[in-house]
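Beneath this line is the structure, given in structure tokens, with notes to follow.
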């Protein structure tokens with residue numbers, strides 16, 4: 001009788017813990033296109049293609065769509081909302097940027113990047129931003145740039161932008 005009681009208690013405890021664990025049901029793309037934003041902080045990141053990470057705020061969509069003028073200073077991406085439970089819980093997602101087939105080549109480090117991955121904490125039920133700021137000439141590579149968001153081993157969002165020579 002005792003083993004059954006222990007198993008029942010363990011099962012009950014597990015169900016309580018699982019009920020409190022955040023879960024994502026879906027991702028909503030709120031808007032996408034070219035943005036302007038205020039740069040708050042820039043820090044060096046050795047493994048990043050650009051060599052840095054830019055923290056920005058006050059994102060403002062200036063042009064809707066998935067076509068972007070390929071030029072230094074262009075910022076493109078999308079706002080998204082993670083739906084799930086419990087509301088306002090913080091979850092960590094993996095962001096993946098897949099560059100055009102030829103990659104982007106840093107001439108100083110003599111390294112070609114084909115994709116970049118990073119972790120990001122987002123709140124369930126609140127908008128977040130995912131994007132890229134072209135800061136250097138060698139980052140300006142026309143073609144398809146894909147942004148993916150992963151939760152665990154599941155891709156939960158993917159948006160593709162085409163960088164084109166300005167007209």
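The values are calculated or read from the model by the stated rules, or taken from the named source; none is laboratory data. Just so it is clear, the model here is predicted, and its values are computed rather than measured. Ideal geometry is used to build each Cβ from the backbone, glycine not excepted, and the neighbour counts take in all protein chains shown.
Worth a mention:
Residue-wise test of (1) touching a strand residue (DSSP E or B) at 6+ places or on another chain (Cβ under 7 Å); (2) closer than 26 Å to residue 42 by Cβ.
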{"residue": "90", "(1), (2)": "yes, yes"}
{"residue": "120", "(1), (2)": "yes, yes"}
{"residue": "123", "(1), (2)": "yes, yes"}
{"residue": "130", "(1), (2)": "yes, yes"}
{"residue": "136", "(1), (2)": "no, yes"}
{"residue": "149", "(1), (2)": "yes, yes"}
{"residue": "156", "(1), (2)": "yes, no"}
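- The C-beta contact set for the range 147-167 (first residue without any contact (Cβ under 8 Å) to a residue 40 or more places away in the chain and on the phi > 0 side of the Ramachandran plot, second residue assigned to a strand (DSSP E or B) and loosely packed, with under 12 Cβ neighbours inside 10 Å, distance under 9 angstrom, 6+ apart or interchain) is empty.
- Test: residue in the range 133-151 that is in a loop (DSSP other than H, G, I, E, B), touching a helix residue (DSSP H, G or I) at 6+ places or on another chain (Cβ under 9 Å), modelled with pLDDT under 95 and over 13 Å from residue 27 (Cβ atoms): no
- Among residues that are in contact (Cβ under 8 Å) with a residue 12 or more places away in the chain, in a strand (DSSP E or B) and surrounded by 14 or more Cβ atoms within 10 Å (Cβ to Cβ), residue 62 is not included.
- The strands (runs of 3 or more DSSP E) located wholly in the range 66-120 that include 1 or more residues which are over 21 Å from residue 154 (Cα atoms) occupy 67-69, 75-85, 104-106, 111-113.
- The single condition among (1) closer than 23 Å to residue 55 by Cβ; (2) loosely packed, with under 13 Cβ neighbours inside 10 Å; (3) modelled with pLDDT of 95 or more that residue 119 does not meet is (3).
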